[in-house]
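**Student:** This is the structure I have questions about; it appears just below.
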Amino acid sequence: MNLLKLAGKVCVSLLLCGLVALSLTGCSSLTALALTPDPAASAPEAPRTITTVKLSQANFHVQKLNIEGRDQGFKLFGLFTIVPASRVKAFRRMYQHAELQPGGALTPANILVEQIEDSFILFSIPHVYVRADFVVFDDPLDSEPWDD
């Protein structure tokens with residue numbers, strides 16, 4: 001008997017046995033999970049709120065450059081998300097690296113969000129990188145003299 005045909009028969013029988021075992025044990029949620037595509041695999045959604053910082057005047061100075069926050073996840077077969085890569089965690093880590101204080105004067109500017117996925121044979125690792133420069137706006141009263 002040909003080894004290739006034997007290997008094919010073994011794979012088919014293992015697959016059928018696995019499907020029968022899943023249906024008999026009542027793991028319908030597990031089979032539904034395995035048969036549905038990953039909703040997070042679609043195009044990333046646009047941000048819902050945007051704050052615009054215009055750096056067109058000389059009323060600021062850069063305090064910290066290129067502060068980064070990142071998060072990573074895990075996908076099985078590159079299709080099924082087990083652990084999602086979170087933009088919220090990436091932003092939180094960026095703010096921690098910038099050492100922001102409540103009521104402080106640091107403001108993020110030039111924010112860049114990158115989503116990259118490293119693919120391997122049986123799994124993939126999605127990454128979210130968030131980078132920003134942090135600026136401090138100067139007090140207009142300190143920079144301009146009073147006109148009396």
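Here, each number is a calculation from the coordinates, and none is a lab measurement. Note that the structure is a prediction, hence the values are computed from the model and not measured. Quick reminder, even Gly has a Cβ in these numbers, built from the backbone with ideal geometry, and neighbours come from all protein chains shown.
**Student:** Work out from phi, with θ = phi - 60° and the Karplus expression 6.51 cos²θ - 1.76 cosθ + 1.60, the ³J(HN,Hα) of each residue of region 119-126, listed in order in whole Hz, and give x for Gly and Pro.
**Tutor:** Karplus values, whole Hz, x for Gly and Pro: 9, 10, 5, 9, 8, 9, 10, x.
**Student:** Now, a different point. Going by amide H atoms built from the backbone, whose H comes under 5 Å of the H on ASP138, apart from near neighbours?
**Tutor:** Hits under the 5 Å cutoff: PHE60, HIS61.
**Student:** Separation between the PHE120 and ASP138 pseudo-spin-labels, each 7 Å from Cα along Cα→Cβ, expressed in nm?
**Tutor:** Once both label points are built, they end up 5.1 nm from each other.
**Student:** If I model a spin label at HIS127 and PHE60 as a point 7 Å from the Cα along the Cα→Cβ vector, what separation in nanometres do I get?
**Tutor:** Calculated label separation equals 2.7 nm.
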